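Colleague: This is the structure I want to talk about, given as structure tokens.
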Amino acid sequence: MKSVFETRKEKVQLDKVTLSYEYYKHPNQKAQTLVFIHGFLSSSYSFRKLFPLLHDHYSLLSFDLPGFGESEKNCDIHYSLHEYAALTNRLLEKMQISKVVLIGHSMGGQIALRTCIQHPERVEKLILLCSSSYIKSSSLGLRVCSYLPFFPYCLSLSMNAINLRKNFEHLVYDRKLLTKQVIDGYTTSFNEKGFFLALCRLIRDREEDLASTTLNKINFPILLIWGSDDRLVPLRVGERMKKDLPDADLLVFSHTGHLIPEERPLETSNAIRHFLHEK
């Protein structure tokens, strides 16, 4: 009889911040645990299509990074990639999960890489979906502006002024996927109190992506999945990462943009299973 997939949002307190997460524990104690880390201006909502396709074989965990989704928008924490990775490790410790496969999308890819650097004993393999890479930290001028008391208000004005649909069309190949419900799902936290304050902190605290010299030392089995038509993080970035990571394979989906979990959930879930079982 086919198992019934059930998961729901939970909250957990970790030091100074409350995290919102979704966790499905597979009844087989030997099942691998997949941990999903979302990207910039996103949330665990971006993985909602993958969970039903993977729950038969794995335990699944996704969470909203501080500042996004339903997690706390707390200005007392450091909004750096390093701290996000440390928080990922603390969440796994809290939940008593000893070994995981990390799956990071966009900015979440950089967080996944840092997580395995900080605690390599905890990670089996990595899967990076259109991972952000080779991006410098914010300019000095922008970091200085982030300290100005009116800067969060300026950010909110600029976000309200943009055409969200047009910006999302830049992220996908098939624009028909972008229903109002989907766009609302990705942007629900934009109207929450503290969102733009947290965004200011991320602009200020986010360090540059890992350098090639550091990537050269990450010797985990890694699967890179890219969209051929990704306009935000172009395919050439994935090709460069494949060269910099010692044990990486690159899989490219044609006619696909940046939002791979949204556009290619079935193909992505099949690729994940194949990578975990064959390599």
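The values are calculated or read from the model by the stated rules, or taken from the named source; none is laboratory data. As the structure is a computational prediction, the values presented were derived from the model and not from experiment. FYI the Cβ positions are ideal-geometry reconstructions off the backbone, even for glycines, and counts take in every protein chain you see. Accessible surface areas use protein heavy atoms only, side chains included; no ligands, DNA or RNA. Shrake-Rupley method; radii C 1.70, N 1.55, O 1.52, S 1.80 Å.
Colleague: In terms of modelled amide H atoms, which long-range or inter-chain residues lie less than 5 Å from the amide H of L34?
Modeller: Hits under the 5 Å cutoff: S59, L60, L61, V101.
Colleague: Continuing with this model, one more query. What number do you get for the stretch 75-223 when its Cα radius of gyration is normalised by 2.2 N^0.38 Å, N = residues? If you can, show how the numbers build up before the last one.
Modeller: Values: Rg = 17.3 Å, N = 149, 2.2 N^0.38 = 14.7 Å.
Working it through for the stretch 75-223, the quotient is 1.17.
Colleague: How high is the relative contact order of the stretch 205-250, in percent, with contacts defined as C-alpha pairs under 8 Å that are six or more residues apart?
Modeller: Contact order relative to length: 47 percent.
Colleague: Continuing with the same structure: Would you work out the relative contact order for the chain, in percent, from Cα pairs under 8 angstrom that are 6 or more residues apart?
Modeller: On the way: 512 pairs, mean separation 54.0, N = 279.
About 19 percent, as a whole number.
Colleague: Relative contact order of the stretch 1-140: what whole-number percent is it, with Cα pairs under 8 angstrom and at least 6 residues apart? Spell out each step's value before the answer.
Modeller: Details: 254 pairs, mean separation 33.1, N = 140.
So the answer I get is 24 percent.
Colleague: What Rg and what Dmax come out for the chain when only alpha-carbon atoms are used, in angstroms?
Modeller: Calculated on Cα positions, Rg and Dmax stand at 17.9, 60 Å.
Colleague: Report, to the nearest whole %, how much of the accessible area of the chain belongs to carbon and sulfur atoms, 1.4 Å probe, protein only.
Modeller: Working: 7060 of 13040 Å².
On the chain, the fraction of accessible area on carbon and sulfur atoms equals 54 percent.
Colleague: To continue, here is another question. Rolling a 1.4 angstrom probe over the protein heavy atoms, how many square angstrom per residue are accessible across the chain?
Modeller: Details: 13040 Å² over 279 residues.
Ligands and nucleic acids excluded, the figure is 47 Å² per residue.
Colleague: In whole angstrom, and with the biggest value first, how far do the Cα coordinates of the stretch 35-106 range along each principal axis?
Modeller: 39, 26, 19
Colleague: Okay, next question. Would you please put 110-116, 253-259, 186-192 in order of how densely packed they are, using the mean number of other Cβ atoms within 10 angstrom per residue and starting with the highest? Don't skip to the end; give the middle numbers.
Modeller: Values: 110-116: 26.7, 253-259: 20.0, 186-192: 16.0.
In descending order of packing, they fall as 110-116, 253-259, 186-192.
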